[in-house]
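Engineer: First the structure, which I've put down as structure tokens, then a few questions once you've had a look.
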Amino acid sequence: MATYRISGVWTGSGGVITHYAVHTVADTTKNTVTLASKTSKADAIRLVEQASNTVTTLVWNSTNKAWYHGEIVHVVGSGSSKYLRSKPDSSLTDNLDHLPNFSLIY
């Protein structure tokens with residue numbers, strides 16, 4: 001069983017998410033993570049679909065100046081229409097669309 005965090009996204013034309021910034025949790029008791037790995041949408045979906053894995057968002061808390069894990073990430077849809085989604089609630093800070101868009105940094 002492995003634990004992962006998603007801290008950001010890359011988007012293509014039309015704002016569609018193409019890649020995710022995926023971190024491996026190195027120590028669950030201290031919540032330490034590896035550097036982000038740019039992971040394709042398809043590979044991220046496969047990662048989340050593995051029943052032994054746990055994947056959550058990783059969100060920056062500017063008040064505490066620290067990262068914390070957010071919501072569990074799930075795969076929704078079927079076939080070629082699969083995509084990742086966090087808990088559908090009214091909290092925008094931990095939704096995948098509201099994580100930092102690293103496409104804008106380049």
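Engineer: Against the conditions (1) modelled with pLDDT of 90 or more; (2) among the acidic types (D, E); (3) out of contact with any strand residue (DSSP E or B) (no Cβ under 6 Å at 6 or more places or on another chain), where does D27 fall short? Just the number, please.
Structural biologist: (1)
Engineer: With the structure loaded, tell me whether L47 is buried (at least 17 other Cβ atoms within 10 Å of the Cβ) and under 21 Å from T11 (Cα atoms) or whether it fails that test.
Structural biologist: Numbers: buried (at least 17 other Cβ atoms within 10 Å of the Cβ): yes; under 21 Å from T11 (Cα atoms): yes.
So L47 passes the test.
The values are calculated or read from the model by the stated rules, or taken from the named source; none is laboratory data. Because the structure is a prediction, the values reported are computed rather than measured. No Cβ is skipped: glycine too gets one built from the backbone with ideal geometry, and neighbour counts run over all protein chains shown.
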